[in-house]
1. Got a sec? Which of Tyr17, Tyr9 is within 22 Å of Glu126 (Cα to Cα), at pLDDT 90 or above and either of a type in the set (Gly, Ala, Ser) or surrounded by fewer than 17 Cβ atoms within 10 Å (Cβ to Cβ) (or both)?
2. Can you name the condition, by its number, that Lys25 falls short on among (1) modelled with pLDDT of 95 or more; (2) under 21 Å from Leu116 (Cα atoms); (3) buried (at least 16 other Cβ atoms within 10 Å of the Cβ)?
3. Tell me, which strands (runs of 3 or more DSSP E) lie completely within region 34-125 with 2 or more residues that are surrounded by 13 or more Cβ atoms within 10 Å (Cβ to Cβ) and of a type in the set (S, T, N, Q)?
4. Is at least one residue of region 37-44 in contact with a strand residue (DSSP E or B) (Cβ under 6 Å, 6 or more places away or on another chain), small (Gly, Ala, Ser) and at pLDDT 90 or above?
5. Can you name the residue in region 33-43 that is of a type outside the set (Val, Ile, Thr) and touching a residue at least 24 places away in the same chain (Cβ under 8 Å) and, of all such residues, is nearest to Leu20 (Cα to Cα)?
6. Testing Pro109 on (1) out of contact with any strand residue (DSSP E or B) (no Cβ under 8 Å at 6 or more places or on another chain); (2) closer than 19 Å to Phe26 by Cα; (3) modelled with pLDDT of 95 or more, one condition comes back false. Which one is that?
7. In region 126-158, which residues are outside any helix (DSSP H, G or I), modelled with pLDDT under 70 and of a type in the set (A, V, I, L, M, F, W, C)?
Amino acid sequence: MLEKRSIKYLLMIDTDYIFLQNIEKFMIKYNYQVSLANNSDSIPSILKKNRFDLILLEHDLPNNKGLYWLKWINNEYPTLPVMMTSNRLNEHERLEGLENGARDYLTKPFHEKELLIRTNNILRKEENIKSKTLEIKIGNVLFNTATNSSVHDKTTNLLI
């Protein structure tokens, strides 16, 4: 049985607006706040203004931009998971999406319940990772174990 849970924020980017609206109606029943976009060029401004737990991104965006935006999101927001969708049964595209950082890949048409289950699975894994994240500050460098990244804090002065 699929349980309702705390609100999660989902961004769905797809050129098929009817598809987006149908999925939105279904996901709202399970406490998802859904934002819809059918213009991929708006992705940077949407992500700058909002916080999302997961992005559902169409691989088949015009001019093959689905893969471009997947790479861009992974570079700019490395801890934000992306699930890709496609109308094509092309194994090469699916593997290409997964190799470039998609957490999962669904081929349309798919059952709404399958999307919900896969979304919940991704978010459960993300919550486990976040709960195990450790940030270590050594001098003026902050290390993050979840993203395997470090940030140099220029405001901290190290006196030796």
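The values are calculated or read from the model by the stated rules, or taken from the named source; none is laboratory data. Model, not experiment: these values are computed from the prediction. Positions of Cβ are generated from backbone atoms using ideal geometry, with glycine treated the same way; all protein chains shown enter the neighbour counts.
1. Tyr9
2. Of the numbered conditions (1) modelled with pLDDT of 95 or more; (2) under 21 Å from Leu116 (Cα atoms); (3) buried (at least 16 other Cβ atoms within 10 Å of the Cβ), the odd one out for Lys25 is (3).
3. Working: elements: 54-58, 82-86, 104-107.
Those strands (runs of 3 or more DSSP E) span 82-86.
4. yes
5. The first filter runs over region 33-43 and keeps only residues of a type outside the set (Val, Ile, Thr), leaving 33, 35-42.
Now drop any that are not touching a residue at least 24 places away in the same chain (Cβ under 8 Å), which leaves 33, 35-38, 40.
Numbers: Gln33: 13, Ser35: 9, Leu36: 7, Ala37: 8, Asn38: 8, Ser40: 14 Å.
If we take residues in region 33-43 being of a type outside the set (Val, Ile, Thr) and touching a residue at least 24 places away in the same chain (Cβ under 8 Å), then Leu36 is nearest to Leu20 (Cα to Cα).
6. (3)
7. Leu134, Ala146, Val151, Leu158
Residue-wise test of (1) under 14 Å from the mean Cα position of the chain (by Cα); (2) without any contact (Cβ under 8 Å) to a residue 24 or more places away in the chain; (3) within 23 Å of Glu93 (Cβ to Cβ).
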{"site": "Lys8", "(1), (2), (3)": "yes, no, no"}
{"site": "Leu11", "(1), (2), (3)": "yes, no, yes"}
{"site": "Asn31", "(1), (2), (3)": "no, no, no"}
{"site": "Asn50", "(1), (2), (3)": "yes, no, no"}
{"site": "Leu61", "(1), (2), (3)": "no, no, yes"}
